[in-house]
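The values are calculated or read from the model by the stated rules, or taken from the named source; none is laboratory data. Because the structure is a prediction, the values reported are computed rather than measured. When we count neighbours, we look across all protein chains shown, and the Cβ atoms used for this are built from the backbone with ideal geometry, even at glycine.
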């Protein structure tokens, strides 16, 4: 089981309103700051939606690198651009997400092998892609902590 914990940083502005910054820590021990733009937050970290798109891009990207190397394709650099369209009203759910692999080559490459590698990177090996495209049930519960 994977786990991440988002912890509110507990800070408030001088007028007493809360700052919306969260620190997310994964089971690996790595951390990321998440916040909202000035209308709701203090812009101290990535937006949650940016983090979601980044998770998709990095998950497919890691697999693309591994597969392109496995297929001995001569790439010099790889950038995964992920864009998403959102509904205009709350909860601003994504209605479409596009992934573009921008690849710099260092010699001749086999287009069919590359396309196969990118397809597998997204549709076979990336759990983030599988979760978003096939859906998942989210259960919500509350756990009260005594001071």
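Things worth noting here:
- All positions within segment 116-138 that are at pLDDT 95 or above and in a loop (DSSP other than H, G, I, E, B): 124, 125, 126
- Of residues in segment 125-141 being under 18 Å from the mean Cα position of the chain (by Cα) and over 17 Å from residue 59 (Cα atoms), the one surrounded by the fewest Cβ atoms within 10 Å (Cβ to Cβ): 138
Here is a yes/no grid of residues against (1) at pLDDT below 95; (2) farther than 30 Å from residue 110 by Cβ; (3) surrounded by 17 or more Cβ atoms within 10 Å (Cβ to Cβ); (4) over 12 Å from the mean Cα position of the chain (by Cα):
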| site | (1), (2), (3), (4) |
| --- | --- |
| 2 | yes, yes, no, yes |
| 5 | no, yes, no, yes |
| 14 | yes, yes, no, yes |
| 25 | no, yes, no, yes |
| 49 | no, yes, no, no |
| 67 | no, no, yes, yes |
| 85 | no, yes, no, yes |
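- Meets criteria (surrounded by 13 or more Cβ atoms within 10 Å (Cβ to Cβ), in contact (Cβ under 8 Å) with a residue 60 or more places away in the chain and out of contact with any strand residue (DSSP E or B) (no Cβ under 9 Å at 6 or more places or on another chain)) for residue 122: no
- Exactly one residue out of 114, 97 is surrounded by 14 or more Cβ atoms within 10 Å (Cβ to Cβ), touching a strand residue (DSSP E or B) at 6+ places or on another chain (Cβ under 8 Å) and over 16 Å from residue 51 (Cα atoms), and it is 114.
- Among the residues of segment 52-72, those that are in contact with a helix residue (DSSP H, G or I) (Cβ under 6 Å, 6 or more places away or on another chain) and farther than 25 Å from residue 2 by Cβ comprise 68, 71.
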